[in-house]
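Notes for the one structure printed next.
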Amino acid sequence: LKQEALKNVETLSTLEELNAFRLKYLGKKGVLTSYLKKLKDLPLEEKKQVGTILNELKDLLEEILVKKEQEILFKQEDILPGLDLTLPGRRPVVGGLHPLTQVIKEICEVFGRLGFDMVQGPEVETEYYNFTALNIPEWHPARDMQATFYLKNGSILRTHTSPIQIRTMLERKPPLRIIAPGKVYRCDDDVRHSPMFHQIEGLMVDKEVSFSDLKGVLTYFAKEVFGEKTKVRFRPSYFPFTEPSVEMDISCVICNGKGCRVCSGTGWLEILGAGMVHPEVFKSVNYDVSIWQGFAFGLGIERIAMIKYEIDDIRLFFDNHLYFLESFK
Ligand code: PHE
């Protein structure tokens with residue numbers, strides 16, 4: 001057996017042959033293994049002798065096989081010139097979440113803690129959901145061709161996430177609390193604007209929802225996302241689908257090794273629009289305005305990410321340069 005095995009091992013020239021050989025002699029059902037199994041039937045003296053011989057052969061074969069394997073591998077090196085088997089391996093590059101995805105996730109988690117469900121809506125919308133149902137009349141400047149992308153079939157690309165308010169209210173019964181992130185489209189394109197950007201819409205409807213709930217929820221959000229010390233202020237504003245309407249600013253201070261400074265001329269940055277749901281909007285979804293009240297808000301993700309990470313060009317989010325993306329891992 002020994003001679004046969006040693007003779008055979010010399011003829012091995014590929015890894016497949018080597019593995020077949022290993023299986024034939026040393027595998028679970030291999031020749032040598034079956035002999036070793038039979039040992040127990042022999043008388044004690046013989047068992048010792050034969051056992052020693054077999055085990056020595058097993059060790060010898062294993063040793064030879066390892067050497068043979070190396071030999072074969074080094075021969076393969078000739079086939080692939082320049083292959084250095086001793087080089088350390090390269091780590092695979094692991095991807096990370098896009099900074100905008102990270103911000104969306106963080107904000108949705110903050111509102112999730114306040115009981116808001118995440119919902120989504122279509123990016124191709126009708127003028128009805130995007131404008132009419134939101135009390136945006138025909139003559140409103142937002143309907144101007146300049147801001148809206150019109151499709152050949154008469155649909156439009158949604159210009160904000162507010163149509164999701166309408167779709168959700170039609171689908172669900174009040175009370176409800178939703179948060180809806182998504183892409184929106186407007187035809188302007190410069191350093192500050194991109195034809196596609198992201199918003200998050202929020203809507204809460206219940207029997208007793210007041211303006212102080214709006215202030216409380218949005219103040220909590222600002223402190224969670226921008227830090228406990230952040231101050232907020234509300235300025236009166238106008239949106240056709242909310243009344244009263246406000247814009248919320250956050251205070252912002254940028255600190256570095258040398259000291260701190262305010263981030264804008266006034267120290268305030270506008271981050272979202274909000275207001276109490278307009279009765280006309282409730283009427284378009286058949287909610288009884290004598291029972292239900294609500295507040296809504298909409299915020300721009302890129303704007304928030306730019307403030308948070310001090311980025312000055314919105315287009316960086318969409319260029320997909322690795323040096324930019326990798327700094328957010
Ligand atoms: N849809 C508004 C915009 O895009 C933001 C907004 C949403 C304002 C909800 C008030 C309430 O500018």
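Quick notes on this structure:
- Taken together, the criteria exclude VAL124 from residues that are closer than 30 Å to SER327 by Cα and either in contact (Cβ under 8 Å) with a residue 60 or more places away in the chain or under 31 Å from the mean Cα position of the chain (by Cα) (or both).
- Residues satisfying the stated conditions in segment 198-209, i.e. more than 17 Å from MET118 (Cα to Cα) and within 16 Å of the ligand (Cβ to nearest atom): VAL209
- The one condition from (1) open to solvent by 60 Å² or more (accessible area, probe 1.4 Å); (2) within 16 Å of the ligand (Cβ to nearest atom); (3) under 33 Å from the mean Cα position of the chain (by Cα) that VAL262 does not meet is (2).
- Screening segment 266-319 for helices (runs of 4 or more DSSP H) wholly inside it with 1 or more residues that are among the basic types (Lys, Arg) and more than 16 Å from the ligand (Cβ to nearest atom) returns the ranges 279-284, 301-309.
- When residues in segment 145-161 are screened for being assigned to a loop (DSSP other than H, G, I, E, B), farther than 17 Å from ALA133 by Cβ and at pLDDT 90 or above, 4 of them pass.
- Which numbered condition TYR238 misses (of (1) assigned to a strand (DSSP E or B); (2) within 14 Å of the ligand (Cβ to nearest atom); (3) of a type outside the set (Asp, Glu); (4) modelled with pLDDT of 95 or more): (4)
- Given (1) within 19 Å of ILE179 (Cα to Cα); (2) open to solvent by less than 60 Å² (accessible area, probe 1.4 Å); (3) not in a strand (DSSP E or B), number of the condition THR230 does not satisfy: (1)
The values are calculated or read from the model by the stated rules, or taken from the named source; none is laboratory data. Given the structure is predicted, the values throughout are model-derived calculations rather than measurements. No Cβ is skipped: glycine too gets one built from the backbone with ideal geometry, and neighbour counts run over all protein chains shown. Areas reflect the complete protein model, heavy atoms only, side chains present, ligands, DNA and RNA absent. Shrake-Rupley method; radii C 1.70, N 1.55, O 1.52, S 1.80 Å.
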